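Chemist: My structure is below; once you've seen it, I'll send some questions.
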Amino acid sequence: MPTRAIVVHYHELWLKGRNRFFFLNRLAEALKRSLEGLAIDRIDRPGDRILVWLGEGADTAEALQRIERVLGVAYFAPAQTVERDLDAICAAAWDEMKDERFATFAVRAKRSDKSFPYRSSEIERAVGAYLLARLREAGRDARVNLRSPDRTCRVEVTPGPVLVYARKISGPGGLPAKTGGKMVCLLSGGFDSAVAAYKLMKRGGHLVFVHFYGTGAQPGESSIHVARELTRQLTPYQLTANLFLVPFEPIQREIVRYAPEDTRVLLYRRMMLRIAAAFAERIRALALVTGDSLGQVASQTLENMVAVDRAVPLTVFRPLVGDDKQEIIALAQRIGTYDISSEPFHDCCPVFLPRSPALRATAEELDRAEAGLDIPALVRQGLETATVERFRLVNGRVERVDRKSQKLAPSAAAEPQPDSSPDSNEVPAPKA
């Protein structure tokens, strides 16, 4: 019986030149972490692919489901590994194709090991002829179509095993986790910010989440549960995540008390960026991330976004700036955050919403509007009242590392702390 394995292909990593092995090592590590707890014998790299060897009793369906969330994977497939013999390859190809439904088919071979005595074209002709004969014997009216077949049987002759498979599954693509640097994402609870987070995770960014919440108009309406579930849903893409929870309503009340009505929402956003930037300084993150889309709401006009950004020295990434709502919702549905963001919750931004919000504010106008606020004190208040929750992918499931939210000590919240490694996003424990 041929050995079962999962062949994993990547694409963009080939463009990394001398840094390729760094990215490949991170991809292999992400696969190992994602498949933790399953009966996996080993993971190796024969030629230009990664091969996951399944052990006895391995749950193939579960392994495939987990690999679907590993960033950097272009496509993958459950495959048979067979002897380096053309008859064995033909038999495995029939085993892969016999239960598939198709009217047309093709065989594609790739020979990366040139010591194999048959060229790729010879393998394709031999296997194709064998499959056609077996299909005729089975009474099936299938024919060869090399341009647009319904089903393709693939044969890969590697420096290690020969791989045969017919089921090709698309992966998320992009770059592996923890290869693009650390960023702080303002996670609102709606559709946009979670999708923005995913898009930057897909570029290798490792995100720390900050959620600003209100008390809720009714009991149980606070947005904390939504932010927590969004973080849980996104964690498998980057393996670990921290979620800072900041009570924002007291800070909003100060803004309402001193600032003009038409600038309130913009000042809320500036204060959120300042607090998020303070967290970024503490964990040595290099940028902020938001889910803004140009022109979607009054606070997201070009002028307002520029004026808001001037409150912080860090770069603010907006990966959805050119996307419309339907594009954002479609991606939210694909990554599993749509249903979570659809749950009812109390968003803190509409609290004390102005009747006529400013549409084209300047940074100077917002500076004047904030003149009566003690901005350093409000930032410090946000840091000192925040709690943190840690999430980690363990045996294919996301677990809260801490049993309850941890309060940050004032000194720990205000001062930058050293990381244990360049990729660490751990938050130092509160001081006694």
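Chemist: Conditions first: (1) out of contact with any helix residue (DSSP H, G or I) (no Cβ under 7 Å at 6 or more places or on another chain); (2) farther than 27 Å from residue 335 by Cα; (3) touching a residue at least 60 places away in the same chain (Cβ under 8 Å). Residue 137 passes all but one, so which condition is the exception?
Modeler: Answer for residue 137: the failing condition is (3).
Chemist: Related question: Mind checking which residues of the range 45-59 are surrounded by 14 or more Cβ atoms within 10 Å (Cβ to Cβ) and not aliphatic (A, V, I, L, M)?
Modeler: Listed by number, the residues that qualify are 45, 46, 47, 48, 49, 53, 59.
Chemist: So, in the range 190-209, of the ones that are touching a Ser or Thr at 6+ places or on another chain (Cβ under 9 Å) and charged (D, E, K, R), which residue ends up least open to solvent (accessible area, probe 1.4 Å)?
Modeler: 192
Chemist: Using beta carbons and a limit of 8 Å, which pairs, at least six apart or on different chains, have the first residue in the range 356-385 and acidic (Asp, Glu) and the second one modelled with pLDDT under 95 and assigned to a loop (DSSP other than H, G, I, E, B)?
Modeler: Listed pairs, sorted by first residue: 365/358; 370/259; 384/408.
Chemist: While we're on this one: Return yes when residue 164 is modelled with pLDDT of 95 or more, on the phi < 0 side of the Ramachandran plot and not in a helix (DSSP H, G or I) and no when it is not.
Modeler: yes
Chemist: Still on this structure, please answer the following. From the residues in the range 170-184 that are surrounded by fewer than 20 Cβ atoms within 10 Å (Cβ to Cβ) and more than 16 Å from residue 316 (Cα to Cα), which one is nearest to the chain's Cα centre (by Cα)?
Modeler: This residue is 172.
Chemist: Do we find that residue 41 is more than 21 Å from residue 172 (Cβ to Cβ), open to solvent by 50 Å² or more (accessible area, probe 1.4 Å), part of a helix (DSSP H, G or I) and of a type outside the set (A, V, I, L, M, F, W, C) in this structure?
Modeler: No.
Chemist: Let me ask something else. Among all residue pairs at least 6 apart or on different chains, which show Cβ distances below 7 Å where the first residue, located in the range 8-28, is more than 16 Å from residue 46 (Cβ to Cβ) and in contact (Cβ under 8 Å) with a residue 24 or more places away in the chain and the second is open to solvent by 80 Å² or more (accessible area, probe 1.4 Å) and part of a loop (DSSP other than H, G, I, E, B)?
Modeler: Once the first residue is more than 16 Å from residue 46 (Cβ to Cβ) and in contact (Cβ under 8 Å) with a residue 24 or more places away in the chain and sits in the range 8-28, no partner that is open to solvent by 80 Å² or more (accessible area, probe 1.4 Å) and part of a loop (DSSP other than H, G, I, E, B) comes close enough.
Chemist: Looking at (1) of a type in the set (A, V, I, L, M); (2) surrounded by fewer than 23 Cβ atoms within 10 Å (Cβ to Cβ); (3) in contact with a strand residue (DSSP E or B) (Cβ under 7 Å, 6 or more places away or on another chain), find the lone condition where residue 187 falls short.
Modeler: Checking residue 187 against (1) of a type in the set (A, V, I, L, M); (2) surrounded by fewer than 23 Cβ atoms within 10 Å (Cβ to Cβ); (3) in contact with a strand residue (DSSP E or B) (Cβ under 7 Å, 6 or more places away or on another chain), the one that fails is (2).
Chemist: Moving to a separate point now. Does the range 257-278 contain at least one residue that is open to solvent by 10 Å² or more (accessible area, probe 1.4 Å), hydroxyl-bearing (Ser, Thr, Tyr) and within 27 Å of the chain's Cα centre (by Cα)?
Modeler: Among the residues of the range 257-278, not one is open to solvent by 10 Å² or more (accessible area, probe 1.4 Å), hydroxyl-bearing (Ser, Thr, Tyr) and within 27 Å of the chain's Cα centre (by Cα), which makes the answer no.
Chemist: Which one of these is among the hydrophobic types (A, V, I, L, M, F, W, C) and under 20 Å from residue 339 (Cα atoms): 275, 224, 283?
Modeler: Being among the hydrophobic types (A, V, I, L, M, F, W, C) and under 20 Å from residue 339 (Cα atoms) holds for just one of 275, 224, 283, which is 224.
Chemist: I'm trying to understand the selection: among the residues of the range 72-92, which are open to solvent by 10 Å² or more (accessible area, probe 1.4 Å) and either without any contact (Cβ under 8 Å) to a residue 24 or more places away in the chain or of a type in the set (Gly, Ala, Ser) (or both)?
Modeler: Listed by number, the residues that qualify are 74, 85, 87, 88, 91.
Chemist: Pairs, please: C-beta under 7 Å, at least 6 apart or cross-chain, first residue more than 30 Å from residue 149 (Cβ to Cβ) and of a type in the set (D, E, K, R) and in the range 168-182, second in a loop (DSSP other than H, G, I, E, B) and open to solvent by 20 Å² or more (accessible area, probe 1.4 Å)?
Modeler: 178/423; 182/284; 182/286
Chemist: Something else about it: Condition check: of a type in the set (A, V, I, L, M, F, W, C), open to solvent by less than 30 Å² (accessible area, probe 1.4 Å) and within 19 Å of residue 8 (Cα to Cα). Does residue 127 satisfy that?
Modeler: no
Condition check ((1) out of contact with any Leu (no Cβ under 6 Å at 6 or more places or on another chain); (2) under 29 Å from residue 130 (Cα atoms)) across all residues:
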site: 28; (1), (2): yes, no
site: 44; (1), (2): no, no
site: 47; (1), (2): yes, yes
site: 71; (1), (2): yes, no
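Chemist: Still on this structure, please answer the following. Of all the residues that make up the range 148-161, how many are at pLDDT below 95 and open to solvent by 80 Å² or more (accessible area, probe 1.4 Å)?
Modeler: Qualifying residue count, the range 148-161: 1.
Chemist: If I go through the range 294-340 residue by residue, how many of them are within 19 Å of the chain's Cα centre (by Cα) and open to solvent by less than 10 Å² (accessible area, probe 1.4 Å)?
Modeler: The number of residues fulfilling the criteria is 5.
Chemist: Taking the residues in the range 13-38 that are at pLDDT below 85 and loosely packed, with under 13 Cβ neighbours inside 10 Å as candidates, determine which candidate is farthest from residue 96 (Cα to Cα).
Modeler: Looking at the filtered set, the residue picked out is 18.
Chemist: Looking at 109, 77, 5, which one is in contact with a helix residue (DSSP H, G or I) (Cβ under 8 Å, 6 or more places away or on another chain) and either within 20 Å of residue 152 (Cα to Cα) or at pLDDT below 95 (or both)?
Modeler: 109 is the lone residue from the list that is in contact with a helix residue (DSSP H, G or I) (Cβ under 8 Å, 6 or more places away or on another chain) and either within 20 Å of residue 152 (Cα to Cα) or at pLDDT below 95 (or both).
The values are calculated or read from the model by the stated rules, or taken from the named source; none is laboratory data. Here the structure is a predicted model, which is why all the values come from computation and not from measurement. Cβ: placed from backbone, ideal geometry, glycine included. Neighbour counts: every protein chain shown. To get the accessible areas, we keep the full protein, side chains included, count just its heavy atoms, and leave off ligands, DNA and RNA. Shrake-Rupley method; radii C 1.70, N 1.55, O 1.52, S 1.80 Å.
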